[in-house]
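Participant: The structure that follows is given in the form of structure tokens.
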Amino acid sequence: MRHISVLIALILITLFSSCKVNQKVNGEKVGKWVYKTTINEKTDIHKGRYKKDGFQKGTWRYKYDGKLYKKEEFKDSTAVVTYYHPNRKVASIGNIIFVKEKKGLHYYYVGSWFIYNPKGTLIEVKHYSKGVLEHHTIVRQ
């Protein structure tokens, strides 16, 4: 019985790990996508998923030389974006909206963005409206 369970688990793992990557359907990106580029002999990798309509979904991770520098968490037409310092502490966090325009998808910063120093202390707050900086506050220490 145990051997059957192990066999079923291996089959399921194989099925899920064999999903095609970087596919398009009717010209739209769908499913899992991985972008890899090399910059100064170091690898820059972006990983995430697209919905059937071409919009990003779920969590996207961006790594340079193996270190996470950005994470986007998509829900509907918005995302929470987090940038990281090289020491892995949060550098900034805020929201974006994305809209489909004639030339493709366009992203805009919206709402309050919180900026932190490498020690993790809040140092600035910026407020955006559809990508336009409307207010900037420097936090006194």
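Yes/no matrix, rows are residues, columns are (1) on the phi > 0 side of the Ramachandran plot; (2) among the aliphatic types (A, V, I, L, M); (3) not in a strand (DSSP E or B):
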site	(1), (2), (3)
Arg49	no, no, no
Arg88	yes, no, yes
Ile93	no, yes, no
Phe98	no, no, no
Gly111	yes, no, no
Pro118	no, no, yes
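Participant: For Gly66, are the conditions met, namely being surrounded by 10 or more Cβ atoms within 10 Å (Cβ to Cβ) and either modelled with pLDDT of 95 or more or over 30 Å from Val132 (Cβ atoms) (or both)?
Facilitator: Working: surrounded by 10 or more Cβ atoms within 10 Å (Cβ to Cβ): no; either modelled with pLDDT of 95 or more or over 30 Å from Val132 (Cβ atoms) (or both): yes.
Answer is no for this residue.
Participant: OK, next. Please work out if Thr38 is at pLDDT below 95 and in a strand (DSSP E or B). Steps first, please.
Facilitator: Working: at pLDDT below 95: yes; in a strand (DSSP E or B): yes.
Considered against the rule, which asks whether it is at pLDDT below 95 and in a strand (DSSP E or B), Thr38 comes out as yes.
Participant: Can you list residue pairs whose Cβ atoms sit under 7 Å apart, with the first residue in the range 19-36 being closer than 14 Å to Lys51 by Cα and the second being part of a strand (DSSP E or B) and among the β-branched types (Val, Ile, Thr)? Count only pairs 6 or more apart in sequence or on different chains.
Facilitator: Partner pairs satisfying both residue conditions: Val21/Val34; Asn22/Val34; Gln23/Val30; Lys24/Val30.
Participant: Starting from the range 88-116, keep only residues that are more than 13 Å from Lys126 (Cα to Cα), then list their pairs with residues that are exposed (fewer than 14 other Cβ atoms within 10 Å of the Cβ) and of a type in the set (Lys, Arg) whose Cβ atoms are within a distance under 7 Å, requiring at least 6 positions of separation or different chains.
Facilitator: Within 7 Å, the pairs are Tyr108/Lys130.
Participant: Let me ask something else. Kindly indicate whether any position in the range 50-57 is surrounded by fewer than 16 Cβ atoms within 10 Å (Cβ to Cβ) and either at pLDDT 95 or above or closer than 28 Å to His135 by Cβ (or both).
Facilitator: The answer is no, given that none of the residues of the range 50-57 is surrounded by fewer than 16 Cβ atoms within 10 Å (Cβ to Cβ) and either at pLDDT 95 or above or closer than 28 Å to His135 by Cβ (or both).
Participant: Residue by residue through the range 115-130, note down the ones that are of a type outside the set (A, V, I, L, M) and closer than 17 Å to Arg88 by Cβ.
Facilitator: Applying the first criterion (of a type outside the set (A, V, I, L, M)) to the range 115-130 yields 116-121, 124, 126-130.
If the condition is that a residue be of a type outside the set (A, V, I, L, M) and closer than 17 Å to Arg88 by Cβ, then Tyr116, Asn117, Pro118, Lys119, Gly120, Thr121 are the ones that fit.
The values are calculated or read from the model by the stated rules, or taken from the named source; none is laboratory data. Model, not experiment: these values are computed from the prediction. Neighbour counts are summed over all protein chains in view; Cβ atoms, including those assigned to glycine, are modelled from backbone coordinates with ideal geometry.
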